[in-house]
Amino acid sequence: MDDPTLADARERDRADPLADVRDRFYLPDELYMDGNSLGLLSADAEAALDRVLDEWKSLAIRGWTDADPDWFTYGERLGDRVAPLVGADGDEVVVGNSTTVNIHTLVGTFYDPERGEQILVNDLDFPTDHYAIRAQLRQMGRDPDDALRVVESRDGRTIDEDDVVSAIDDDVGMVFLPSVLYRSGQLLDVERITEAAHDAGALVGFDLAHSVGVVPHRLSEHGVDFAVWCHYKYLNAGPGALAGLYVNERHFGVTPVLAGWWGHEKATQFEMRHTFTPAQSAGAFQIGTPPLLAAAPLDGALDVTEAAGIDRLREKSVALTEYLVSLVDERLPECEVGTPRDPERRGGHVAVEHPEAYRLSEALRERGVVVDFRPPNVVRVCPSPYYVRFEDVYRVVEHLEEILENDEYERFETRGGGVT
């Protein structure tokens, strides 16, 4: 983009068909660019939580059957609402557990060394994925160092999909990868990887934590075997919100390795049988009673997503990240963009790279710009399409430009840290 100006940004905002979505959120005073770690609270999510609190107050135990909607099928009902965002049938999705717990139960259930002894991952995965997979391998008496096949990045930023495909052979029984790399924002080709895995006889699962709610998926159409994700990032369901999972219908009826009573078939759940009968749906992978106060905000947050439309959200997200990349190129010669420039290979955030990334992120926070840092050299900037304007993106780059020109970052200590 030639000579981007504040006027250009404001004109884009005036033309934005999703501009009114921003009004549904409680906006902090800061420029908030951390929605890929924790999304903001909407009035819709707040109202849904208040409704469940009122039901608890007035109905108590009767809320499980008499609340509207009833609590007993809360996870399945929310799964029905999330399913279109990941391209699945309602029965293939359920809301329950945490992301890490869902990795444990799905990998533990579907890993079969007779299919292939190794699980293929990559060296840029979010750590919890490896922690859970290694733990499940140890439970099965396998040495994780031998059973994990790690595809290494060539540049420390991205994963070459040719390397992934060529690494899938007869020794690989499962492929488990993220849809979007958490550090760089690279969006992987789910369809291609799934096809390669199935051609080799392997099952394939994905961690959609950094794409659900901002990138549409077609899991059922592509034949993905299973997937996990959280709802507190782009879907704005609140800190510690209940997670989600997908299981392709061809796997219905399998007994989860972490079986729990909430995954029992609903019709006989309260007969209190000691023999587990799994629900004939993804609901079988629920473990314990769903924490309603951690689930309710998602009910309201989905009202926002559905009103905006996932395709329109993706279109705006691409436009925002494209604008951010162009501004970094134009105004920040000291920085590099570590995120793929092809929008089809880019998720919802941009990795702005600089040797002093940590201190830059601290200087931005002091100026009221909320971003996060990822070692060794990444300032992650997330222009969430739900509530971030083009003007906000312009302002963030303007702050970065001034910080670099004035060496403001030098006042801060060099160290690292942060949350997901």
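Among Val212, Val224, Val247, which is among the β-branched types (Val, Ile, Thr), more than 24 Å from Ser42 (Cβ to Cβ), in the same structural domain as Asp125 (by TED's automatic domain parsing) and in contact (Cβ under 8 Å) with a residue 60 or more places away in the chain?
Result of the check over Val212, Val224, Val247: Val247.
Can you name the residue in the stretch 149-162 that is under 23 Å from Pro376 (Cβ atoms) and touching a strand residue (DSSP E or B) at 6+ places or on another chain (Cβ under 6 Å) and, of all such residues, is surrounded by the fewest Cβ atoms within 10 Å (Cβ to Cβ)?
Among residues in the stretch 149-162 that are under 23 Å from Pro376 (Cβ atoms) and touching a strand residue (DSSP E or B) at 6+ places or on another chain (Cβ under 6 Å), the one surrounded by the fewest Cβ atoms within 10 Å (Cβ to Cβ) is Val150.
Yes or no: Asp329 without any contact (Cβ under 8 Å) to a residue 40 or more places away in the chain and assigned to a helix (DSSP H, G or I)?
In short, yes.
Consider only pairs whose beta carbons are under 7 Å apart and that are at least six residues apart or on different chains; among these, list those whose first residue lies in the stretch 1-25 and is within 16 Å of Arg395 (Cα to Cα) and whose second residue is at pLDDT 95 or above and not in a helix (DSSP H, G or I).
Asp13/Arg389
Mind checking which residues of the stretch 324-378 are over 19 Å from Glu30 (Cα atoms) and small (Gly, Ala, Ser)?
Within the stretch 324-378, Ser326, Gly338, Gly347, Gly348, Ala351, Ala357 meet the criteria.
Every residue, every condition in (1) exposed (fewer than 13 other Cβ atoms within 10 Å of the Cβ); (2) under 26 Å from Pro383 (Cβ atoms); (3) touching a Lys or Arg at 6+ places or on another chain (Cβ under 7 Å); (4) in the same structural domain as Arg374 (by TED's automatic domain parsing), yes or no:
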site	(1), (2), (3), (4)
Phe25	no, yes, no, yes
Ser42	no, yes, yes, no
Glu55	no, no, no, no
Ser58	yes, no, no, no
Ile61	yes, no, no, no
Trp64	no, no, no, no
Ala67	no, no, no, no
Trp71	no, no, no, no
Glu76	no, no, no, no
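If we scan the stretch 170-191, do we find a residue that is under 18 Å from Ala227 (Cβ atoms), in contact with a helix residue (DSSP H, G or I) (Cβ under 8 Å, 6 or more places away or on another chain), assigned to a helix (DSSP H, G or I) and at pLDDT 95 or above?
The answer is yes; a qualifying residue exists.
Being surrounded by 21 or more Cβ atoms within 10 Å (Cβ to Cβ) and not in a loop (DSSP other than H, G, I, E, B) narrows it down to one of Leu404, Leu324, so name that one.
One residue alone meets the criteria, Leu324.
Name the residue, out of Arg345, Arg380, Arg374, that is buried (at least 23 other Cβ atoms within 10 Å of the Cβ), within 19 Å of the chain's Cα centre (by Cα) and of a type in the set (D, E, K, R).
Being buried (at least 23 other Cβ atoms within 10 Å of the Cβ), within 19 Å of the chain's Cα centre (by Cα) and of a type in the set (D, E, K, R) holds for just one of Arg345, Arg380, Arg374, which is Arg380.
Give Tyr387, Tyr394 a once-over and let me know the one that is aromatic (Phe, Trp, Tyr) and either in contact with a strand residue (DSSP E or B) (Cβ under 6 Å, 6 or more places away or on another chain) or over 24 Å from Arg314 (Cα atoms) (or both).
Within the list Tyr387, Tyr394, the selection yields Tyr387.
The values are calculated or read from the model by the stated rules, or taken from the named source; none is laboratory data. Nothing here was measured: the structure is a model prediction, and the numbers come from that model. As a convention, Cβ positions derive from the backbone with ideal geometry for all residues, glycine included, and neighbour counts pool all protein chains shown.
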